[in-house]
Structure formats: C-alpha cells, structure tokens
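Report on one structure; see the data block that follows.
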Amino acid sequence: MLRLDTRFLPDFPQAFKEHGPLLLQAREALLAKRKDPQSMLGWMDLPEDTETLRRIRRYREANPWVEDFVLLGIGGSALGPKALESAFNESGVRFHYVDHVEPEPVLRLLRGLDPRKTLVNAVSKSGATAETLAALLVFLNWLRENLGEDWRRHLVLTTDPRRGALRALAEKEGLEAFSIPDNVGGRFSVLSPVGLLPLAFAGMDLEALLMGARKANELALAPLEENLPLKTALLQHLHRHLPITVFMVYSERLKYLPAWFVQLHDESLGKRDGEGNRVGTTAVPALGPQDQHAQVQLFREGPLDKLIVLVVPERPTEDLTLPQVEGLTEAAYLFGKGLFQLLKAEAEATYQALAEAGQRVYTLYLSEVSPYAVGWLLQHLMWQTAFLGELWGVNAFDQPGVELGKRLTFALLGRPGYGS
C-alpha cells in the first residue's frame with residue numbers, strides 16, 4: 001500500500017479541488033499520446049508483459065551456476081536494478097555494477113571474479129553508450145581469454161529489439177539477448193528486462209513487483225479524488241517556485257532508490273518548455289536516519305527553498321527487540337522497544353521538525369518494504385513524472401542536454417562523424 005500524508009500542508013485539499021480541471025486535462029493529454037509509437041509511453045504497459053517475465057524466469061532456471069552477476073550499464077540501465085537488488089537480494093548471488101569508466105575499480109573487480117561462475121549482462125538500449133561499450137570490450141576479452149569457446153554462455157545482452165551494436169553482436173555470435181521495447185526509455189525501463197533479468201538472479205518476487213506496479217496504473221487511471229499520482233504531481237507543481245526537491249527515504253534497504261528518483265525527475269523535467277523557458281526543479285537524494293546527522297540541519301535552518309518528500313515504511317517485515325543491558329542506564333528508554341519503533345519515531349520527528357521550521361514537506365507511507373509496495377512506488381513516481389511533463393509543458397521522455405555531452409565525448413575520442 002502507498003499512502004499520502006499532507007497534514008502539514010493544510011491548504012492542499014482545497015488546491016486539489018481547484019486544480020481538478022487542469023489535472024484531468026494533463027492526464028487526457030498524456031493518454032492521448034499512447035497511440036503514437038514515438039511517444040515513449042510503453043512503460044505503462046510493462047507490468048502486463050507476462051511473456052517476457054516467463055522467458056526471463058526460464059533463462060534464470062537454465063543458469064543455476066551463476067555466483068557473480070556483473071551488470072555493465074549506466075544511468076537508467078543500472079540505477080533501477082541496483083536500487084531493487086540491494087533491497088531484495090535473497091539468492092546469494094553477488095552483484096557488481098560497472099557504471100563508470102575508472103580503471104582501478106574495474107581491474108580490482110576482474111581480479112576478484114571467477115569467470116567460470118560469472119554472468120556478464122551488458123545493458124544499452126542504443127547499443128552505442130560509450131561507457132557500456134568500453135566495459136563490454138574489457139569483459140568480452142576477459143571471458144574469451146579465460147573460457148575459450150564457452151564464453152558465450154557467460155554473456156547476456158539487453159538492448160534494442162532490432163538495431164545497434166549489441167543486437168548485431170548477439171546475432172553474429174548467437175548470444176542470448178533480451179529486448180527493451182522500442183517505446184520505453186532508459187529511466188523508465190526498470191520493469192523491462194533491464195531490471196527484471198538481474199532481479200530474477202537476485203531471487204526477487206517479480207510477480208509481486210509487477211502486481212504493485214499494476215496497482216499504480218489503476219490509480220493513475222482512477223477518478224480524480226482517488227488518483228494518487230495526480231495528487232503528488234500537483235504537490236510538485238504547486239511548489240515549482242522552490243528550486244529543490246528533496247527525496248528522503250527512511251529505509252537502509254532502499255538506500256539507492258533516491259539516486260534512481262534523481263535521474264527520473266531531473267532528466268525528465270529539467271528542460272526548456274515550448275516557449276523556450278528553462279523549467280524544472282533539482283532533486284536531491286537523502287537517506288534517513290543517516291542524513292538527520294548530515295543534511296537535516298540545513299533542511300531545518302537553511303533557506304526555505306525546498307519541497308521535501310519523505311518515504312517512510314509503516315511496519316517492518318521483521319523486527320529486532322532491544323534488550324535490557326545492566327550498566328547502560330542512559331539507554332534505559334530504549335529497553336524493550338523494537339528497532340523499527342526507533343526508526344519510525346525518528347522519521348515522525350523529522351517530519352514535524354521540518355514542518356515547524358517552515359519547510360514544505362509531505363510523506364509517502366509504504367505499508368512495508370516489500371516487492372509489491374516498492375513496485376507500486378516506482379510506477380507511481382513514473383506516472384507523477386509523466387503528469388508533471390504535461391503540467392510544465394515539456395517532453396518528459398527525451399534528454400537533449402545529455403545528447404550534447406555524448407556528441408562532445410565522441411568528438412574528443414575521435415569517433416568517425418564527430419570530429420571538427
């Protein structure tokens with residue numbers, strides 16, 4: 001379950017009523033684009049793709065030997081899988097993410113892996129991502145040198161259904177390859193094979209993950225008063241004059257989720273609108289309670305320039321009771337309480353303290369940190385982002401600013417067609 005709490009924003013219920021026509025217009029405009037294959041709205045349909053899920057499960061069952069899973073990818077190709085695998089890995093398979101091009105960590109990883117027990121997954125929709133191609137060159141050579149003709153069993157690709165360098169390599173070498181649908185962009189791809197393949201090796205309950213995402217879809221299409229994504233989109237819209245959106249999660253298991261949200265929000269919404277105006281707010285990641293001892297001082301007494309979003313679980317999946325220990329009387333107030341009780345008290349205290357300081361803040365409560373609840377949250381945030389694109393007059397599914405950096409990188413490296 002996902003529940004919105006706006007108790008410290010008493011003006012919001014009335015604002016939601018007043019903006020109802022605008023919100024319905026934004027939803028209508030978004031859904032009208034679904035018939036256009038270039039609209040990049042295929043992420044809406046991913047929770048229903050049971051055939052891809054069955055194929056991924058068959059592939060996992062056919063490869064029980066995997067002890068180390070190496071994901072070569074960057075941005076949307078890695079952030080979602082990393083956020084979910086770190087929360088729900090129950091298989092014992094060790095995961096490694098090569099989402100950078102610094103040589104020393106790559107060499108350290110190679111020296112610690114047994115190629116006979118390692119599966120490498122290269123992920124790139126275009127097949128042209130420089131960082132991923134560079135990592136693939138290194139790991140492909142490593143597999144060939146160590147495994148001979150058996151190397152093909154240790155490499156799986158996730159890429160475009162028909163085009164690009166990875167698809168060509170798969171066809172030439174007879175490699176297993178999973179497709180990212182044409183109409184699904186990288187930062188919206190976590191529920192495609194980009195995320196489902198590694199998560200299958202992590203032993204995550206994929207059916208529950210997708211079931212939660214389907215619940216988010218249901219609410220996004222529901223009447224206005226029940227529409228949770230439109231409510232949080234309006235909260236963001238009403239506070240667009242504040243330049244910073246803090247996304248603070250109270251779960252160690254979900255510690256990488258804020259990084260996923262940062263890309264989703266910033267890359268989707270930091271654009272120029274149809275009139276050439278620069279729009280967007282800057283998402284900042286935070287983790288509770290750790291960042292109560294780092295960032296909350298600024299959030300509470302610094303500039304009132306932030307909308308702060310807390311994500312807090314309402315109950316634990318299991319708890320740990322704090323024992324009574326003689327000689328530690330200063331900790332007596334903790335004796336007999338659960339760790340989760342402390343966590344929730346800290347989240348509630350932070351919520352109240354921020355509101356009392358004048359910061360605009362609301363909370364999304366997760367019923368628990370489970371695949372179902374997190375699948376719901378992920379899909380909810382994708383709907384929120386898509387609705388905000390309509391409200392702010394930008395295309396939430398392109399990234400022209402990123403493309404310029406790619407072209408300049410290619411030129412500096414001498415890629416044909418990109419020189420001066």
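A few notes on this one:
- Cβ-Cβ under 8 Å pairs, at least 6 apart or on other chains, region 254-282 side touching a residue at least 40 places away in the same chain (Cβ under 8 Å) and more than 30 Å from Ser370 (Cα to Cα), far side open to solvent by less than 30 Å² (accessible area, probe 1.4 Å) and assigned to a strand (DSSP E or B): Val279/Lys271; Gly280/Lys271
- Residue match in region 239-252 (condition: more than 18 Å from the chain's Cα centre (by Cα), in a strand (DSSP E or B), among the basic types (Lys, Arg) and modelled with pLDDT of 95 or more): no
- The one condition from (1) farther than 27 Å from Pro258 by Cβ; (2) at pLDDT 95 or above that Glu149 does not meet is (2).
- Residues that are touching a Phe, Trp or Tyr at 6+ places or on another chain (Cβ under 8 Å), surrounded by fewer than 23 Cβ atoms within 10 Å (Cβ to Cβ) and part of a loop (DSSP other than H, G, I, E, B) are absent from region 216-237 altogether.
- Selection from region 268-285 of residues that are hydroxyl-bearing (Ser, Thr, Tyr) and open to solvent by 40 Å² or more (accessible area, probe 1.4 Å): Thr282
- Qualifying residue in region 286-304 (condition: part of a strand (DSSP E or B), closer than 26 Å to Leu2 by Cα, modelled with pLDDT of 95 or more and open to solvent by less than 70 Å² (accessible area, probe 1.4 Å)): yes
- Selection within region 333-364: residues that are open to solvent by less than 20 Å² (accessible area, probe 1.4 Å), outside any helix (DSSP H, G or I) and not β-branched (Val, Ile, Thr). The member of this set that is modelled with the lowest pLDDT is Gly338.
- Among residues of region 1-23 that are over 15 Å from Glu226 (Cα atoms), those with a Cβ under 7 angstrom from a residue that is among the hydrophobic types (A, V, I, L, M, F, W, C) and not in a helix (DSSP H, G or I), sequence gap 6+ or separate chain, pair up as Phe8/Val361.
- Gly73 vs. criteria touching a residue at least 24 places away in the same chain (Cβ under 8 Å), among the small types (Gly, Ala, Ser), within 23 Å of Gln379 (Cβ to Cβ) and in contact with an Asp or Glu (Cβ under 8 Å, 6 or more places away or on another chain): yes
- Residue selection: Leu23 fails the criterion of being open to solvent by less than 70 Å² (accessible area, probe 1.4 Å), farther than 22 Å from Gly393 by Cβ, among the aliphatic types (A, V, I, L, M) and modelled with pLDDT of 95 or more.
- Matching option when the condition is more than 21 Å from Leu391 (Cα to Cα) and of a type in the set (Asp, Glu), among Glu226, Glu218, Glu173: Glu173
- Residue match in region 32-45 (condition: more than 20 Å from Asn395 (Cβ to Cβ) and either in contact with a strand residue (DSSP E or B) (Cβ under 7 Å, 6 or more places away or on another chain) or assigned to a helix (DSSP H, G or I) (or both)): no
- Filter pass, Thr317 being in contact (Cβ under 8 Å) with a residue 24 or more places away in the chain and farther than 12 Å from Val246 by Cβ: yes
- Residues of region 69-83 classified as touching a Ser or Thr at 6+ places or on another chain (Cβ under 9 Å), of a type outside the set (Gly, Ala, Ser) and open to solvent by less than 10 Å² (accessible area, probe 1.4 Å), total: 4
- When Ser251 is tested against the conditions (1) under 27 Å from Leu342 (Cβ atoms); (2) open to solvent by 50 Å² or more (accessible area, probe 1.4 Å); (3) in contact (Cβ under 8 Å) with a residue 12 or more places away in the chain; (4) of a type in the set (Gly, Ala, Ser), the lone failure is (2).
- Checking each residue in region 46-89 for being small (Gly, Ala, Ser), closer than 26 Å to Leu155 by Cβ and outside any loop (DSSP other than H, G, I, E, B) picks out Gly75, Gly76, Ser77, Gly80, Ala83, Ser86.
- Among the residues of region 97-125, those identified as crowded, with 17+ Cβ neighbours inside 10 Å and not hydrophobic (A, V, I, L, M, F, W, C) are Tyr97, Asp99, Pro115, Thr118, Asn121, Ser124, Lys125.
- Close pairs (7 angstrom Cβ cut-off, 6 or more residues apart or separate chains): open to solvent by less than 10 Å² (accessible area, probe 1.4 Å) in region 377-388, among the β-branched types (Val, Ile, Thr) anywhere: Leu378/Val190; Gln384/Thr232
The values are calculated or read from the model by the stated rules, or taken from the named source; none is laboratory data. Remember, predicted model here, so these are calculated numbers, not experimental data. FYI the Cβ positions are ideal-geometry reconstructions off the backbone, even for glycines, and counts take in every protein chain you see. Heads up: the accessible areas ignore ligands, DNA and RNA and are worked out on the full protein's heavy atoms, side chains in. Shrake-Rupley method; radii C 1.70, N 1.55, O 1.52, S 1.80 Å.
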